[in-house]
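Written below as structure tokens is the structure these notes are about.
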Amino acid sequence: MTTRQLSEQAMSVWAKTGGPTEWLPLDQHLLDSVWIAAYLYDSWISHTVRERWNSTGLSDGQFRSMVLFLAGVHDVGKAAPAFVAQSEPLAQKARDAGLACRLMSEIRDDRRELPHSLISEYSLRQWLMLEGLDKEVAEPLASVVGAHHGTPMAEGRMRNPRIRKQGMGGDPWRAVRNELIDWISELTGFSEVLVSGDLPRIPLPILVEVTGLVIVSDWLASNTRLFPLRGRDEDGAPTLDMGARALHGWEEAAMPPPWEPAPVDTSDLEAFFRARFALPDDAVPHAVQQTAVELASTVDVGLMFIETSTGGGKTEAALAVAEVVGAQRGAQGILIALPTQATTDAMFTRIADWLERLPELPKESAAWAVTLGHGKASLNRRYAKMSEAVRNFDHVFNTARSSGIHEDETDGMLCNAVVHQWFLSSKRRLLANFSVVTIDQLLMAGLQRKHLMLAHVALSGKIVIIDEAHSSDEFMSVYLESVLSWLGAYDVSIIVLSATLTAERKRAMMKAYAGARSAEIDALPMCEDDYPLISVVPRDDQPVRLEVVDERGQERSVTWSWHGTSVEEIVASVRADADAGACVLVVRNTVKDAQATADALTEAGLPVTLNHAGFIAVDRANNDLDLIHRFGKGSDEETRPGQVVVATQVVEQSLDIDFDALYTDIAPADLLLQRIGRLHRHSWRARPESHREARTFFLTDVGSGPIPAPTKGSEIVYGGYLLLRTTEALTKHGAVITLPQDTAPLVASALGPEAELLSDWAGPVNTARGKYLAQIAKARAKAAQWCVRPWAGAEDDRATLGEWLATSGDFTELAMGAAVRDTEPSLEVILVPTLPDGSSAIRPPWLKTGTSILDVSSLPSDDLAREVASWSVRLPGRLTRWDGALDAVIQEIDRDPRTRRWLLRRHPLLRSELLLVMAQTHEGSNTLSTTLTVGTRSYELRYSPEQGMEVNDS
């Protein structure tokens, strides 16, 4: 790239300041942005994305010129008094070059009404139309630079540059902006694109992606470790040795290359699976896995559903398909979304192992980047010990090394305020090659928020795997359908995994992804007996494929019956099972019921383990590891007999554990089948004579009439309608469930369109239906308020970014997570134990992690802060579900005079956390307690490693 000579005026404008001794001229920052955008385009953007971009009618070279041009002119709006006047010494440089610039005190209103991103978009619009482009082509293209701080400019703001003449600077400043645009146009070859007359109107999805790339370019070019500032005594001429400066910045950034795996040899599928998943030499892929890979090898996969029973190898099938498709398309990487932090942590370990078994990268290539995406990712031990590639990636996105990026220019601060929160965590997390995230991280790609285009450019080149897809409720489904529509617009290949997805939910997901094929999808013959099933919506015009997989010989039967819900009945039955040598799982739908059941079984002399979500994070992780050790594939046959585990929904997913007998509260049919998946899961195990037949007991009140009644807690959690439908479906089905073939029929009967109901259920179901439908409508309407509208194909291609993202909230990560899940208000705190008299803070005494006394009077090390953060726990919902309770509880905990004095809480990991102090009940005790007064209500909170958090009225 060569540069022509710029005028003294153009070289006098500043872009960034590093305090009283340093600055960076605007021309240099624009040039840095062009070069880093070139590296990103050539070495970071994947083949699959560039191939689609070239479908616009521009050649790859022409499209590249356009991208580099937009990256180069993104900050041209800084050439205006509204921006330059923020630094008086640097404004004087412009005055000395002959550019009039008023004092900031004289044009403060202009600064607020004329952010430099607005001036950039306005100036580029005018320039493009002067170059002969139609308004319909110029405006969408210019909207890219207007959105480079994450919020597109509303059309109504375009009048501000016309009426605020002092802030714009008049003709002399306009001439400088046009000179800079001319310069970048020639430098990038965009001027030749304009001359060719080939520039079309760019479709909206591609505008979104290009904006994301421009944002990444701007941020990297703003990192002073990558692109250093210069002394104030140096002139504003762009550096002559730009190649060396850009190469230094790119090498320091160490941006990971696209994944783009080598073609997969599927001729020996057994060897391939053994190599990728460390399977024994005699292991053979399941029929579902073989069929999935065969389809991926012969069909241009757009959206694939893999439906088979729990433990059927869906994850391995999905990763194998992802590698096959990734090689075909040249994919950037993979994103895997799961329902909970626990399932995400478990998956991260599997993915890390899988990555180590992939073919090695060339030695000269930067390593791929891997991220774990949820609010407690820093506590994951495997993630904390990840390779240098992760540390490098995080180091580059370090706000302390960036300057001059100011979001709104409305608050009177100097423009080199630290970078927006995006650069810390959530908004750049998906840019890594491989991301293992909770589902809300994916759903946020459908949330109207700042920097949304970053999520879209991060996803557009990846293969997306959605695990446990049935876990999304109606509220979440609004966001999921929006995201699927945009992933369809980007031609992203998606793999959906589920054991219990309804045909209706699958159709809705298919139509969201491929809206133009809605009629074909509606006509698909989805038979409820077709299971296991692999379905594929191709990216091309080939018909949708539905492949039923023959897994005969792998069936197992489960006999079920109703069982009373009283503690006495449960204890009597479980004792009999344990006495017979069985290991027993009891699943309750609420923490309170689980704790009460565990108490009663313990009092009866049975060896009981309790597991639910009300334990501190480190205890939860240890509990899961303990369950896997004692009841997983490698568990000791001699220690299993007579053991009892009482748990909540935390055992429904991800934990590969096996029990001889199951007692479970009634729940919607899909979740019941997930729970049954923990019964006789490992077929090779020897069972007690009395438990060789798999039996499960559904806990209901069987004495209240012909319809088994759920517990009150179950109705609160799941609602009456779905539970009624499930009990009716089970009764109609009969006492034996044969897996996997009965899975789809049972789910369809309980959760699909209503068929003829049994007479006893007809009245209650009809009564409950109205309330259920009203709740669904309310949930979907609530979700739609902040949801990006689904992509509408060609109808949307003519929109600008401002029309696409008319409202963009600046959410914190916690708020974004709450926005895409319809949950009751809840609060997470960090539990800090003290001695019984409260004189000293201590580590949780049961953890035995070194010195018991906790130093709270000093700033902690990173390791200690991470340890303290692992003591986080979510408070029981009864504390926060009433109006105003959440704020009241926060205030009560936050104003504790003890914790307010602690330097411990100033560590970045702990700074925004609430610290809940709980004292030992007596010296040496593992039980902690405190009293919490909220308004006129007083609660006693107790915590122990056996019971977790308990709350009672004080």
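Observations, loosely collected:
- Consider region 165-201 and keep the residues that are surrounded by 21 or more Cβ atoms within 10 Å (Cβ to Cβ) and outside any helix (DSSP H, G or I). The one that is farthest from the chain's Cα centre (by Cα) is GLY169.
- Exclusive hit being more than 12 Å from the chain's Cα centre (by Cα) and at pLDDT 50 or above, set MET444, MET453: MET453
- Residue list for region 276-293, restricted to those being modelled with pLDDT of 95 or more and either surrounded by fewer than 16 Cβ atoms within 10 Å (Cβ to Cβ) or of a type in the set (Val, Ile, Thr) (or both): VAL288, THR291, VAL293
- Among the residues examined, ALA709 qualifies as surrounded by fewer than 23 Cβ atoms within 10 Å (Cβ to Cβ) and without any contact (Cβ under 8 Å) to a residue 12 or more places away in the chain.
- Single residue of LEU133, LEU124 found to be of a type outside the set (Val, Ile, Thr) and either closer than 22 Å to GLN9 by Cβ or in contact with an Asp or Glu (Cβ under 6 Å, 6 or more places away or on another chain) (or both): LEU124
- For region 889-939, the set of residues classified as over 25 Å from PRO845 (Cα atoms) and buried (at least 18 other Cβ atoms within 10 Å of the Cβ) consists of VAL889, VAL934, listed by residue number.
- Unique residue being at pLDDT 95 or above, among the acidic types (Asp, Glu) and surrounded by fewer than 20 Cβ atoms within 10 Å (Cβ to Cβ) when the list is ASP491, ASP473, ASP530, ASP540: ASP491
- For first residues located in region 915-937 and assigned by TED's automatic domain parsing to the domain that holds ILE890 and at pLDDT 95 or above, partners that are outside any strand (DSSP E or B) and among the acidic types (Asp, Glu) and lie 6+ apart or on another chain with Cβ distances below 7 Å form the pairs VAL917/ASP896.
For (1) more than 20 Å from GLU940 (Cβ to Cβ); (2) in a loop (DSSP other than H, G, I, E, B), each residue gets a yes or a no:
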position	(1), (2)
VAL868	yes, no
ILE893	no, no
LEU909	yes, yes
SER912	yes, yes
MET918	no, no
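- Filtered residues of region 773-801 (kept if within 20 Å of PHE475 (Cβ to Cβ) and outside any helix (DSSP H, G or I)): GLN785, TRP786, CYS787, VAL788, ARG789, PRO790
- Options ASP530, ASP541: the member that is part of a loop (DSSP other than H, G, I, E, B), of a type in the set (D, E, K, R) and within 23 Å of ALA750 (Cβ to Cβ): ASP530
- PRO238 meets each of the listed conditions (1) touching an Asp or Glu at 6+ places or on another chain (Cβ under 7 Å); (2) in a helix (DSSP H, G or I) apart from (2).
- Residues (free of Cβ contacts under 8 Å to residues at least 24 places away in the same chain and either among the small types (Gly, Ala, Ser) or not assigned by TED's automatic domain parsing to the domain that holds GLU923 (or both)) located in region 836-882: SER839, SER840, GLY850, SER852, SER861
- Where THR500 falls short, out of the listed (1) buried (at least 24 other Cβ atoms within 10 Å of the Cβ); (2) within 20 Å of LEU546 (Cα to Cα); (3) in contact with a Gly (Cβ under 8 Å, 6 or more places away or on another chain); (4) not aromatic (Phe, Trp, Tyr): (3)
- All of THR834, THR807, THR849, THR800 fail the test of being modelled with pLDDT under 95 and within 30 Å of GLY948 (Cβ to Cβ), apart from THR849.
- Counted residues, region 47-85 - those being part of a helix (DSSP H, G or I) and either of a type in the set (Asp, Glu) or not assigned by TED's automatic domain parsing to the domain that holds VAL214 (or both): 2
- Pick from region 920-939, criterion part of a strand (DSSP E or B), touching a Leu at 6+ places or on another chain (Cβ under 8 Å) and of a type outside the set (A, V, I, L, M, F, W, C), ranking: farthest from ASN611 (Cα to Cα): SER938
- Tally, over region 712-739, of residues that are more than 21 Å from GLU474 (Cα to Cα), under 34 Å from the mean Cα position of the chain (by Cα) and crowded, with 22+ Cβ neighbours inside 10 Å: 1
- Any hit, region 136-151, residues being farther than 30 Å from ALA445 by Cα, of a type in the set (Gly, Ala, Ser) and out of contact with any strand residue (DSSP E or B) (no Cβ under 9 Å at 6 or more places or on another chain): no
- Just one of (1) part of a loop (DSSP other than H, G, I, E, B); (2) free of Cβ contacts under 8 Å to residues at least 40 places away in the same chain; (3) not assigned by TED's automatic domain parsing to the domain that holds GLU481 fails for GLU270. It is (1).
- Enumeration of residues in region 352-399 that are modelled with pLDDT of 70 or more, touching a Leu at 6+ places or on another chain (Cβ under 8 Å), of a type outside the set (Ser, Thr, Tyr) and assigned to a helix (DSSP H, G or I): TRP354
The rows are residues; the columns are (1) crowded, with 23+ Cβ neighbours inside 10 Å; (2) of a type outside the set (A, V, I, L, M, F, W, C); (3) farther than 18 Å from PHE697 by Cα.
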position	(1), (2), (3)
THR559	no, yes, no
ARG575	no, yes, no
GLY581	no, yes, no
VAL586	yes, no, no
THR597	yes, yes, no
LEU606	no, no, yes
LEU610	yes, no, yes
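- Meets criteria (of a type outside the set (Val, Ile, Thr), outside any loop (DSSP other than H, G, I, E, B) and out of contact with any Cys (no Cβ under 8 Å at 6 or more places or on another chain)) for LEU606: no
- Filter pass, ALA885 being surrounded by 18 or more Cβ atoms within 10 Å (Cβ to Cβ), assigned by TED's automatic domain parsing to the domain that holds SER840, among the aliphatic types (A, V, I, L, M) and at pLDDT 90 or above: no
- Residue in region 163-185 that is under 16 Å from PRO115 (Cβ atoms), without any contact (Cβ under 8 Å) to a residue 40 or more places away in the chain, in the same structural domain as ALA80 (by TED's automatic domain parsing) and of a type outside the set (Ser, Thr, Tyr) present: yes
- Options LEU133, LEU141; residue that is part of a loop (DSSP other than H, G, I, E, B), over 25 Å from GLU22 (Cα atoms) and at pLDDT 95 or above: LEU133
- Which listed residue is among the hydrophobic types (A, V, I, L, M, F, W, C), under 30 Å from the mean Cα position of the chain (by Cα) and closer than 30 Å to MET347 by Cα, from ALA271, ALA262: ALA262
- Criterion violated by GLU652 - all others in (1) crowded, with 17+ Cβ neighbours inside 10 Å; (2) at pLDDT below 95; (3) more than 27 Å from the chain's Cα centre (by Cα) satisfied: (3)
The values are calculated or read from the model by the stated rules, or taken from the named source; none is laboratory data. Note that the coordinates shown come from a computational prediction; the quantities given were computed from them, not determined experimentally. Neighbour counts run over all protein chains shown; Cβ positions are idealised from the backbone, glycine included.
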